[in-house]
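Take a look at the structure below.
Just so it is clear, none of the values below were taken in a lab; they were calculated from the coordinates. If you're wondering where the values come from, they're calculated on a predicted model, not measured in any experiment. Neighbour counts are summed over all protein chains in view; Cβ atoms, including those assigned to glycine, are modelled from backbone coordinates with ideal geometry.
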Amino acid sequence: MPILLLIVAILLVAAVVYLARSTVRVPPGHVGVVYRRYGVVHRDDRDREIRVHPSSPGYQADTLRPDRVYLRPAFLYRVENVPRTSVPPGTIGLVIAKDGAPPPLTRSLCAAVACAGFEDGAAFLAGGGEKGRQPGVLPGDASYAVNTRLFEVITVDTVGTGRDDLTADDLREVEIPEGSAGVVVVREGEAPEEEGSVGHRVPGHEDFQLPAVFLAGGGQRGAQEQTLSRGRYRINPWFAQIIKIPTRVIVLEWSKWTKPTTNFDSALGQIRINVEGYWIRIDMTQTIRIPAKAAPGLVSRLGADAESGPVRRFVDKVLAPTVEGYFHRAQAGYTIMDFLANGEEVRLNLEKLVRDALSEWDVEAISTTLSEFEPEGTTLDELRRSIADERERQEMLRHRYTSAELAAKTTRIEIGLDREREKLAVVKLEEQVRILGKDTVALNQFLAELAKMNVPQYVGTDAQALLQYMPLSAAQDLINNALRRQYPQVEGQHRVEIARDPAQGGSGGPAPLEDGAIDVDDPGEWTVPLRRGGDTGRG
């Protein structure tokens, strides 16, 4: 009997020890991850490392909750107590499944499976959950009983630097402030209909917070027509990127002042143009507004690069070239005085051009303002005086040029007339040569030139010598011309005849003089004898 009692006592002690060692209590704030040491693998668990069926050896999908007592024989189970997964307020937790069905080849996100916010690992695996990035997120300001052997949760506390293409900012809730619109750029879904188009609306996805609903509804990749208004959103950054576009009035300045690099107009400098050689500087202010409906098209056409942003690229690639192109045309279409005097016309033309250019993007151009034109190196009044002086100088030079050009034209005309006269004289001469002969024409021209010469009052030679070189009629005309110049009173009343020397074969005429003589019809009035070495006598 005592031996029996001893055995019973030993068994009771052993049972108590066994029960004590087999009893598991998970402490508060923790999750019990169970590992089965022995057993037969269920056929459904053969392709998985995490076991759904309790009889399969290995890590179990189900976990143990805190503040409960579980009986898990120590020889059969090992329980690991791990802290609950906490997601800080204002952030989200992203989930990566370490086990499950093979991941999809055509998508970066796995299919969604109902699993109580990733706290029911068995439901996840039994429902065909896929290994990899999950579309659902864990909201912030809460903790979750997640099986860390099955799921990895990325939070702002664990993301590190560049892990899974993420930063801590990517894990914060998206906040759209007043005066802005959130353009959603979806990374998953069907291909867009055409390049640069925006995705059509899909109902039921709760502002893109339910990616599975969006994808199941045929949602397209790229910028979406539907935008996010003011509020906070828990959006999976693996699923979509949010670009904030200001819908308030934006004031852009072209000025010489340095602006912060974060400004939309940081690359806009003071306008500088050259009009007729004069450099002019202009400050400009352009006010615009981007409606929410225009924001998706802006992002779709200009890209969603977060470094510069679509609004900055819109200013640099659309608005700035429009303004620059206008002033390039204006500097060629205006004189400097007209440009300075018509500042309002320049502004109105520019305002219309900007409005037309921005309307193609559904962006509103509200107003365009130009400051007073500022010449380089001088004041506006000094520039006007300088221009006036230059205009006066140019006008004088133009007048002188016109006069010189007119004189040159007159000279050219006179030269042309002289050439025509010379051509006519040549034609006449050629005709005379043809009719009279070359020698006769040459002799006549010689005599004509000789007749124009001044004849001396006294000719110191004899008739014989004179007639040796000149025909009788020519000599007689020569002497008569000389007498008419010397004695004008005999003009038309007397004549001179020269008697030929009989030795020369002459005949007729008056009787020969001793050495040749000049007789006047009225010898009682004038007699001019020609004698060798003699003197002129008067009777």
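A few comments on the model shown:
- Local electrostatic count at Arg421 - Lys and Arg +1, Asp and Glu -1, tallied over other residues with Cβ under 11 Å: -1
- Computed from the C-beta positions of Thr369 and Gln270 and an R0 of 22 Å, the FRET efficiency is 0.95 to the nearest 0.05.
- You can think of it this way: the chain between Val427 and Leu4 has 135.1 nm of extra reach, that is 0.36 nm per residue less the Cα-Cα gap.
- Between Lys452 and Leu436, the modelled labels are 1.5 nm apart [label points 7 Å from Cα along Cα→Cβ].
- Inter-label distance for Val40 and Ile413, nm, one decimal - labels placed 7 Å from Cα along Cα-to-Cβ: 13.0
- Pairwise label distance in nanometres, Thr161 with Gln394, each label 7 Å out on the Cα-Cβ vector: 6.3
- Qualifying lysines (Cα of each under 19 Å from Cα of Lys98; at least 8 residues distant if same chain): Lys131
- Mean-position separation - Cα centroids, region 183-204 and region 78-108, in angstrom: 27
- The slack in the chain from Arg78 to Leu406, taken as 0.36 nm per residue of separation less the alpha-carbon distance, amounts to 106.3 nm.
- Multiplying the residue separation of Ala332 and Ala191 by 0.36 nm and subtracting their alpha-carbon distance yields 46.0 nm.
- Partners for Lys256 among lysines (Cα-Cα distance below 22 Å; same-chain residues under 8 apart left out): Lys317
- Taking a Cβ cut-off of under 15 Å around Trp361, the surrounding Lys, Arg, Asp and Glu residues balance to a net charge of +2, with basic ones at +1 and acidic ones at -1.
- Cβ-defined net charge surrounding Arg234, 13 Å radius [Lys, Arg +1; Asp, Glu -1]: -4
- Sorted on the mean count of surrounding Cβ atoms within 10 Å across their residues, most packed first, peptides 98-108, 347-357 read 347-357, 98-108.
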